[in-house]
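K.L.:
Quick one: the structure is below, and I'll ask about it shortly.
The values are calculated or read from the model by the stated rules, or taken from the named source; none is laboratory data. Predicted model only: the values in this text are computed from it and were never measured. Every residue, glycine among them, receives a Cβ derived from its backbone with ideal geometry; neighbour counts consider all protein chains shown.
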Amino acid sequence: MNAWLWCGTTFLGLGLPPVIWGVASGPLSRRVLAQNTGSTVVALAFLLLAQGYARPSYTDLSLVLSLLGPVGTLVCVRLLADDLSAGASRWSTAVTALCVAASLAVTAAVCAAAAPGRPMVKLLLIGALVALGNVIAARALSVGVLEEADGTR
Amino acid sequence: MTIRMRRWVMGTGAIGLAALFVAAFMRLPRFGGDRHPYGDRATDAALTRHTANVVSSINFDLRAFDTLGEESILFAAVLGTVVLLRQTREEDRVPPRSAAVDPWVRRYALAALPVALVVGLYVVAHGQLSPGGGFQGGVIVATAVHLLYIGVDYRALERIRPVALYEVGDAVGEAAYLLVGAAALIGGSAFLANTLLPYGTFNTLTSGGVVPLLNLAVGIEVACAVVVLVSRFLDQAVEITDAASDAEGAGTR
Amino acid sequence: MTHLFPYLIAGWIFLVGCYGLATSRHLVHAVGCLAVCQSATYVLLLAVGYREGGTAPVHSDLAPHSRPLVDPVVQALTLTDVVVGATVTALLLALVIQVAKRHGTVDPDELSELRG
Amino acid sequence: MVSEDLVVSVCLVLVAASATVAVAVREPVRQALVLAVLGLALAALFTVLQAPDVALSQLAVGSVLTPLLILLSVRKVRRRGHPTGDEAQR
């Protein structure tokens with residue numbers, strides 16, 4: 001099994017259990033944060049698995065998830081605004097920084113191995129979407145909710 | 001039938017089912033085994049019809065009639081939801097108040113909207129080549145439309161999403177699927193047979209004969225069906241209130 | 001033993017979903033448990049179709065007959081299963097909203113006591 | 001290639017864990033979030049079982065559509081539902 005599959009396995013094996021634990025217990029804001037982290041972990045795992053199985057068409061999965069993940073979280077934040085008004089969970093900044101760092105690292109590693117040209121542009125786009133989506137979701141969780149609490153109901 | 005008794009009955013039933021499961025699984029072929037007779041034949045059939053994505057070839061070519069049934073299930077479910085969640089007499093529709101959304105979230109939602117639409121259409125168009133197809137792309141397009149609800153508010157979404165148009169789109173998608181099938185019938189071969197169009201060169205957008213057309217029809221139908229479905233739920237949750245809960249001043253964002 | 005593992009996991013998910021469905025105190029939670037039951041069928045179907053060392057039956061980036069393929073028929077069945085799963089969940093949720101409107105409660109036990 | 005089974009086994013355990021948690025969480029809103037994570041774990045399992053089409057549709061349905069519909073239904077039911085029903089599950 002080549003190194004990429006090992007990375008993908010450890011990524012899923014070490015990344016998802018804390019996500020499942022985070023979404024199963026604790027305050028609601030931390031659960032939404034855990035769900036958002038889960039979509040980041042799986043999107044990056046898809047990039048590694050695509051490289052590991054030598055199937056570039058699997059990166060479409062990562063592209064779609066990098067778009068739908070943040071949408072899912074933003075929908076939860078919008079619909080649960082009144083339950084989330086207790087403010088962002090204290091894990092928020094640390095986890096977001098970790099996710100953005102992980103997405104940059106994985107994108108760089110996968111781009112290094114990918115053929116230059118169109119495939120690399122696609123991988124860079126996916127990495128950027130994952131990182132950006134993560135930052136926006138974390139911001140929506142912390143700031144977006146508070147503003148609505150004071151805004152007109 | 002107290003709760004406790006019910007749990008015991010459920011427990012014994014579960015243990016019996018578990019025993020049957022294990023007995024059945026012992027006789028299943030080994031996980032990862034090498035004997036897949038139908039799969040090999042389906043792959044060969046798809047390759048002769050120049051369809052790169054064998055799963056799409058099965059869905060829209062070898063088993064097109066089953067996919068017609070599946071789309072009719074989707075159509076009937078959306079019809080059922082529309083009937084169930086309609087606004088009854090004693091309920092009135094309160095226009096939702098606009099919501100203050102963080103400017104960065106708004107910019108991201110409005111920027112991500114076109115990107116998600118393009119990705120959705122890409123997934124539908126390349127249905128018979130790369131992973132994806134009419135259904136997956138349709139749901140992505142439908143989700144992209146709702147980005148406006150997240151970015152701005154419900155009223156903006158209602159302006160660009162006339163539900164009647166999407167209900168017509170849902171029906172047009174289903175009808176297009178049927179017409180393409182009937183065209184094969186008129187063309188002298190069986191209903192939904194893939195003999196109408198040339199199979200084109202392998203791994204190009206026009207390859208696969210009828211498969212891209214059916215893919216597009218399913219894409220249109222699923223996108224419109226999901227938009228109608230979510231709009232009915234959104235109306236119920238955000239707008240429609242009955243006299244009883246009016247006192248609570250509902251009709252939030 | 002490992003060749004039975006995926007099937008046992010599918011069986012476990014189904015039984016857990018049934019347990020949740022039977023002991024649920026909120027109809028929307030019951031619909032969620034039904035979705036869990038449905039996902040057990042996805043796992044079982046795809047586990048049956050897996051081939052050791054096989055790859056996806058998608059030839060957009062793969063030369064035909066170059067590598068062993070996983071069974072595509074099972075994937076088409078699972079795709080239909082996911083579609084029907086989504087529509088069944090949506091229709092059941094619509095029914096739950098109607099039950100809440102008509103009977104004013106979403107607790108299955110309370111429902112059974114209400115007549116008419 | 002026994003190692004490919006390792007990836008499959010890891011994903012299977014993750015799916016079983018998130019399915020058990022999805023049933024164990026009794027409150028519908030929290031269950032919607034766990035179902036979203038279950039959808040992600042299933043998509044990972046399908047990709048490892050070499051079924052990208054099914055993983056894509058599970059992503060589209062499981063991580064956005066189902067939680068959205070459940071949250072909207074809970075919002076309607078909670079506002080409309082029996083008050084005692086709400087207190088019991090909050």
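K.L.:
Please enumerate the residues belonging to the stretch A:1-29 that are surrounded by 19 or more Cβ atoms within 10 Å (Cβ to Cβ), within 20 Å of A:PRO70 (Cα to Cα) and not hydroxyl-bearing (Ser, Thr, Tyr).
P.N.:
Hits for the stretch A:1-29 are A:PHE11, A:LEU12, A:GLY15, A:LEU16, A:VAL19, A:ILE20, A:GLY22, A:VAL23, A:ALA24.
K.L.:
Check B:GLU239, B:GLU221 and return the single one that is within 14 Å of chain D (Cβ to nearest Cβ) and among the acidic types (Asp, Glu).
P.N.:
Among B:GLU239, B:GLU221, only B:GLU239 is within 14 Å of chain D (Cβ to nearest Cβ) and among the acidic types (Asp, Glu).
K.L.:
Give me the pairs: first residue in the stretch D:38-66 and free of Cβ contacts under 8 Å to residues at least 24 places away in the same chain and at the interface with chain B (Cβ under 10 Å from one of its Cβ atoms), second residue surrounded by fewer than 24 Cβ atoms within 10 Å (Cβ to Cβ) and of a type in the set (D, E, K, R), beta-carbon distance under 9 Å, and six or more apart or on different chains, which are they?
P.N.:
That search, which allows pairs on different chains as well, returns D:PRO52/A:ARG55; D:VAL54/C:ASP81.
K.L.:
Let me ask you something else. In the stretch A:11-25, how many residues are in contact with a Leu (Cβ under 9 Å, 6 or more places away or on another chain), at the interface with chain D (Cβ under 9 Å from one of its Cβ atoms) and of a type outside the set (Gly, Ala, Ser)?
P.N.:
Of the residues in the stretch A:11-25, 6 are in contact with a Leu (Cβ under 9 Å, 6 or more places away or on another chain), at the interface with chain D (Cβ under 9 Å from one of its Cβ atoms) and of a type outside the set (Gly, Ala, Ser).
K.L.:
From D:LEU59, D:LEU45, grab the single residue that is buried (at least 24 other Cβ atoms within 10 Å of the Cβ), under 28 Å from C:ALA76 (Cα atoms) and modelled with pLDDT of 95 or more.
P.N.:
Only one candidate qualifies: D:LEU45.
K.L.:
Scan the stretch C:32-39 and tell me whether some residue there is without any contact (Cβ under 8 Å) to a residue 12 or more places away in the chain and more than 10 Å from chain B (Cβ to nearest Cβ).
P.N.:
no
K.L.:
Somewhere in the stretch B:86-93, is a residue at pLDDT below 90, touching a Gly at 6+ places or on another chain (Cβ under 9 Å) and farther than 23 Å from C:ALA86 by Cβ?
P.N.:
yes
K.L.:
Of (1) free of Cβ contacts under 8 Å to residues at least 24 places away in the same chain; (2) within 14 Å of chain D (Cβ to nearest Cβ); (3) more than 23 Å from A:THR73 (Cβ to Cβ), B:THR195 satisfies all except one. Which?
P.N.:
Evaluating B:THR195 over (1) free of Cβ contacts under 8 Å to residues at least 24 places away in the same chain; (2) within 14 Å of chain D (Cβ to nearest Cβ); (3) more than 23 Å from A:THR73 (Cβ to Cβ) leaves (2) as the failure.
K.L.:
Further question on the same structure: Within the stretch D:9-29, which residues are surrounded by fewer than 24 Cβ atoms within 10 Å (Cβ to Cβ) and facing chain A (nearest Cβ under 10 Å)?
P.N.:
Those that are surrounded by fewer than 24 Cβ atoms within 10 Å (Cβ to Cβ) and facing chain A (nearest Cβ under 10 Å): D:SER9, D:VAL10, D:VAL13, D:ALA17, D:THR20, D:VAL21, D:ALA24, D:VAL25, D:GLU27, D:VAL29.
K.L.:
Which condition number in (1) closer than 15 Å to C:VAL36 by Cβ; (2) surrounded by fewer than 24 Cβ atoms within 10 Å (Cβ to Cβ); (3) β-branched (Val, Ile, Thr) is the one that D:VAL37 fails?
P.N.:
Of (1) closer than 15 Å to C:VAL36 by Cβ; (2) surrounded by fewer than 24 Cβ atoms within 10 Å (Cβ to Cβ); (3) β-branched (Val, Ile, Thr), only one is false for D:VAL37: (2).
K.L.:
OK, next. I'd like the full set of residues that are of a type in the set (S, T, N, Q) and free of Cβ contacts under 8 Å to residues at least 24 places away in the same chain, limited to the stretch D:17-37.
P.N.:
Once the filter is applied, which keeps residues that are of a type in the set (S, T, N, Q) and free of Cβ contacts under 8 Å to residues at least 24 places away in the same chain, the stretch D:17-37 yields D:SER18, D:THR20.
K.L.:
Can you tell me which residue is surrounded by the fewest Cβ atoms within 10 Å (Cβ to Cβ) among those in the stretch C:57-101 that are in contact (Cβ under 8 Å) with a residue 12 or more places away in the chain, at the interface with chain B (Cβ under 7 Å from one of its Cβ atoms) and touching a Pro at 6+ places or on another chain (Cβ under 9 Å)?
P.N.:
C:LEU69
So that you can scan it fast, the table gives a plain yes or no per residue for (1) of a type in the set (Ser, Thr, Tyr); (2) at pLDDT 90 or above; (3) surrounded by fewer than 17 Cβ atoms within 10 Å (Cβ to Cβ):
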site	(1), (2), (3)
B:THR204	yes, no, yes
B:GLY208	no, no, no
B:LEU214	no, yes, no
B:GLY219	no, yes, no
B:ALA223	no, yes, no
B:GLU239	no, no, no
B:ALA244	no, no, yes
B:ALA247	no, no, yes
B:ARG253	no, no, no
